[in-house]
1. Could you pull out the residue among G81, G71 that is touching a helix residue (DSSP H, G or I) at 6+ places or on another chain (Cβ under 6 Å), among the small types (G, A, S) and away from the ligand (no atom under 16 Å from the Cβ)?
2. Taking the options Y222, Y198, Y161, Y166, name whichever one is outside the structural domain of L21 (by TED's automatic domain parsing), more than 12 Å from the ligand (Cβ to nearest atom) and among the hydroxyl-bearing types (S, T, Y).
3. Those residues that are more than 30 Å from G228 (Cα to Cα) and either in contact (Cβ under 8 Å) with a residue 40 or more places away in the chain or within 9 Å of the ligand (Cβ to nearest atom) (or both), I need them from the range 90-114; list them, please.
4. I'm told K196 meets every condition in (1) under 25 Å from K219 (Cβ atoms); (2) surrounded by 16 or more Cβ atoms within 10 Å (Cβ to Cβ) except one. Can you identify the failing condition by its number?
5. Go over the candidates S155, S134 one by one and state the one that is part of a helix (DSSP H, G or I) and either more than 21 Å from D208 (Cβ to Cβ) or of a type in the set (S, T, N, Q) (or both).
6. Could you tell me which residue of the range 215-246 is surrounded by the fewest Cβ atoms within 10 Å (Cβ to Cβ), considering only residues that are assigned to a helix (DSSP H, G or I) and touching a residue at least 40 places away in the same chain (Cβ under 8 Å)?
Amino acid sequence: MTTENKQPGVLYLVATPIGNLDDITYRAVKVLEEVDFIAAEDTRHSLKLLNHLGITKPMTSYFEHNIRQKGEYIIDRILNGETAALISDAGTPAISDPGEDLVRICHEKGVRVIPVPGAVAGINALICSGLSTSRFSFEGFLSVNKKSRQEHLNSVKQSPYTLIFYEAPHKLKRTLSDMLESFGNRKITIARELTKKYEEILPMTLEDAVKYYDETEPKGEYVLVIEGASPEVAQDENELNSLDVLEHLDFYIKSGMDKKEAMKRVAQDRGVSRRDIYAQTIKE
Ligand code: SAM
């Protein structure tokens, strides 16, 4: 064991498996063995991993709803000379998991943070997607709030980069139809249950994905990897958004939509509500 793995007054950010318990590095195991305590998102969940690794270590919980108070407690202990490891329920801490706030406070208080790399669901889905890996955008989860999720989708629909989203099974169907509506029929690779028994990598189109999940009940954990906008789409949308609202509406009406549908599309293109578009058409 090198002493490199236990430095006083340090927070280690340790990646743990996203399913298959063998997906943990030798270094991660050494660090978890050597630190004074482990801050875990769900201590009962992480106990199973520690038992599997044969590690006994004091743990404290650090999750979304106790971030502020627990963060201070963890940093105080580190400032008093202890060494801690932060782990989440799966994968890399601070990636759609608690950690970002703790790391920010570490920097404010001069506490050194050290990454101990390992699995990230989004990156493993991306490398299996068959879509461009040269430039990509990690988008995490969409909000459950209708307006926020629409704003999120609108904000990326012209992006030429491959998009990576996380999704829970009970929200998958709605997310796929919202994506089809916002992005149009693009390529998507659905990565399900990575590294686990029922792992699936499904390359298809958004239209086929909507149909597929009309007939198949979603189960397990999902990463959605979506092709970026084609240069023509990005260009067309930029051009439409540079029109005034009435011209923009007129474009869709002339292309065969009724007024209600056209208003919806204009609102989506511009990332505003239909009410805003309606108000502007009355003013103009
Ligand atoms: N920190 C984790 C990481 O490094 O990927 C992500 C945690 S986030 C709370 C959990 C989400 O990650 C799940 O809802 C799912 O979208 C994705 N995820 C985690 N494990 C997965 C797996 N084995 N297969 C597919 N997606 C997974």
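The values are calculated or read from the model by the stated rules, or taken from the named source; none is laboratory data. Every value quoted in this text rests on a predicted model; they were computed, and no experiment measured them. Every residue, glycine as well, gets a Cβ built from its backbone with ideal geometry; the counts of neighbours run over all protein chains shown.
1. Details: G81 fails: touching a helix residue (DSSP H, G or I) at 6+ places or on another chain (Cβ under 6 Å).
Being touching a helix residue (DSSP H, G or I) at 6+ places or on another chain (Cβ under 6 Å), among the small types (G, A, S) and away from the ligand (no atom under 16 Å from the Cβ) holds for just one of G81, G71, which is G71.
2. Values: Y222 fails: more than 12 Å from the ligand (Cβ to nearest atom); Y198 fails: more than 12 Å from the ligand (Cβ to nearest atom); Y166 fails: more than 12 Å from the ligand (Cβ to nearest atom).
Unique residue meeting the criteria: Y161.
3. L102, V103, C106, V111, R112, V113, I114
4. Checking K196 against (1) under 25 Å from K219 (Cβ atoms); (2) surrounded by 16 or more Cβ atoms within 10 Å (Cβ to Cβ), the one that fails is (2).
5. Numbers: S134 fails: part of a helix (DSSP H, G or I).
After ruling out the rest, the residue left standing is S155.
6. First, pick out the residues of the range 215-246 that are assigned to a helix (DSSP H, G or I): 215, 231-241, 245-246.
Narrowing further to those that are touching a residue at least 40 places away in the same chain (Cβ under 8 Å): 231, 233-234, 237-238.
On the way: P231: 9, V233: 16, A234: 15, E237: 17, N238: 11.
Only one residue tops the list, namely P231.
To keep it simple, each residue is scored yes or no on (1) acidic (D, E); (2) within 24 Å of S132 (Cβ to Cβ); (3) more than 16 Å from the ligand (Cβ to nearest atom).
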position: P203; (1), (2), (3): no, yes, no
position: D236; (1), (2), (3): yes, yes, yes
position: L243; (1), (2), (3): no, no, yes
position: L246; (1), (2), (3): no, no, yes
position: I253; (1), (2), (3): no, no, yes
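Residue-by-condition table, conditions (1) over 28 Å from T43 (Cβ atoms); (2) in contact (Cβ under 8 Å) with a residue 24 or more places away in the chain:
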| residue | (1), (2) |
| --- | --- |
| T60 | no, no |
| L79 | no, yes |
| S88 | no, yes |
| V120 | no, yes |
| C128 | yes, yes |
| F138 | no, yes |
| Q150 | yes, yes |
